[in-house]
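Accompanying notes for the structure given below.
Where a number appears in this text, it was derived from the coordinates with a stated rule and is not lab data. Since the structure is predicted, the reported quantities are computational estimates derived from the model, not experimental observations. Here the Cβ positions follow ideal geometry from the backbone for every residue, glycine too, while neighbour counts run over all protein chains shown.
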């Protein structure tokens, strides 16, 4: 059977990758998962300079999911290149670096610096902000600004550029078309949905940031719907994510229109989950006489 898919210039051996922010910089999970088995490793989001993130508590379990308000804590591009990238270069799997900035200039400079490093095969541009200050959200909620920032980044990199969309918008298809028109090679969706949790006894928020990003099985129906809507609106490949806990979840995203999927919260529940999902996709294809995973993509019958 054929599990390979193309995301921009990237040819992945299989359509399963990690979701940024849930797999560290790859090395943290290497004792649980054979990194060469993955379609791609998407590393934790990076900025030009290191960030401390939000005050604790930063993760709260919720019914059918979890809330996180990490606040994009990261070691910065410089330390990543020096301390983390050498480890990833040992493997044959594709490495996609998630990155972000607080201005168009920062986005462009981050993309430029990352594009010159050996061992980085693609970039995932995070323009969504479920648990950062409101001013940052405009990159992912205003289609005109989305077009502007993606266009600027497109000018400085020849790597495959994936734009990660926010679900916290009125019309996800409009945002997707803006990113596509600006030069995105692919789109990834959805990022987490903004939510909060309250302690009834103390009457205080459970997260130090008050609000955070909801992920896990609770968001899967929303994610599937948005992937389906975006698939109808654009021609570039989609990386679907949001509540993928097993192979059947992944198959549903393919049918909705995703070319590949990213596994996130499941990594916290079971560190070896992503390997099980790849194996499960293979079993599904064998049991249902599907010779090529591309036959599933966008195959929803309505």
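Residues of segment 1-37 being assigned to a strand (DSSP E or B) and buried (at least 17 other Cβ atoms within 10 Å of the Cβ), which ones? If you could, list the steps in order and put the result at the bottom.
Pass one, segment 1-37, residues assigned to a strand (DSSP E or B): 2, 5-7, 10-12, 16-18.
5, 7, 10, 12, 16, 17, 18, listed by residue number.
If you check 222, 263, 290, 234, which single one turns out to be over 20 Å from residue 18 (Cα atoms) and either under 21 Å from the mean Cα position of the chain (by Cα) or free of Cβ contacts under 8 Å to residues at least 60 places away in the same chain (or both)?
234
With the condition kept exactly as written, say whether any residue in segment 57-69 is buried (at least 21 other Cβ atoms within 10 Å of the Cβ) and not in a strand (DSSP E or B).
Yes; the residues of segment 57-69 include at least one that is buried (at least 21 other Cβ atoms within 10 Å of the Cβ) and not in a strand (DSSP E or B).
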